[in-house]
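For reference, the structure is listed below as structure tokens.
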Amino acid sequence: MKGSPESKGDSRGSGRKKRTTPAAVGKAHIDLAKALAAVFAAGVYNREELQTAVCAYVAEMKRIGETGETVVRAAQGLVREIGSKFPASSRTQTLLDDMVTWCLAEYYRESA
């Protein structure tokens, strides 16, 4: 047998989920989760602060080589995960729509 036991095969369905996430992405993920929890818990929230957290998350995911689709799906999943801990509201769909827009804009933004 060739290869080490640590080598990752190209098995279907495994995708990138098994790759270790750098600390910066973990911190950005936690920061975004906290920002989303604040949005769902508060009657009013600071849209710019949430957008900043989304953009930081996207930038870190892009930096490690994730695709735009993967980034958007991860952000959507986080909204659904955090939103499920609060009473159902139309806010979830609004946040999903805004976040998809922000994710794509940040992911495809030209670096200066």
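A Cβ distance below 6 Å, combined with a sequence gap of six or more or placement on separate chains, defines the contacts here; from the range 85-105, residues that are closer than 23 Å to residue 61 by Cα reach residues that are of a type outside the set (A, V, I, L, M) in the pairs 92/83; 96/76; 102/51. Among the residues of the range 40-51, is there at least one that is under 24 Å from residue 23 (Cα atoms), over 10 Å from the mean Cα position of the chain (by Cα), in a helix (DSSP H, G or I) and hydrophobic (A, V, I, L, M, F, W, C)? Yes, the range 40-51 has at least one match.
Would you check if there is a residue in the range 65-86 being in a helix (DSSP H, G or I), at pLDDT below 90 and surrounded by fewer than 14 Cβ atoms within 10 Å (Cβ to Cβ)? Looking through the range 65-86, at least one residue is in a helix (DSSP H, G or I), at pLDDT below 90 and surrounded by fewer than 14 Cβ atoms within 10 Å (Cβ to Cβ).
Filtering 54, 25 for residues that are at pLDDT 85 or above, part of a helix (DSSP H, G or I) and hydrophobic (A, V, I, L, M, F, W, C) leaves a single hit, 54. Checking each residue in the range 65-84 for being over 18 Å from residue 30 (Cβ atoms), of a type in the set (S, T, N, Q) and free of Cβ contacts under 8 Å to residues at least 24 places away in the same chain picks out only 67.
The values are calculated or read from the model by the stated rules, or taken from the named source; none is laboratory data. Owing to the predicted nature of the structure, the values given are computational and were not obtained by experimental measurement. Heads up, the Cβs are rebuilt from the backbone with ideal geometry, glycines too, and the neighbour counts pull from every protein chain shown.
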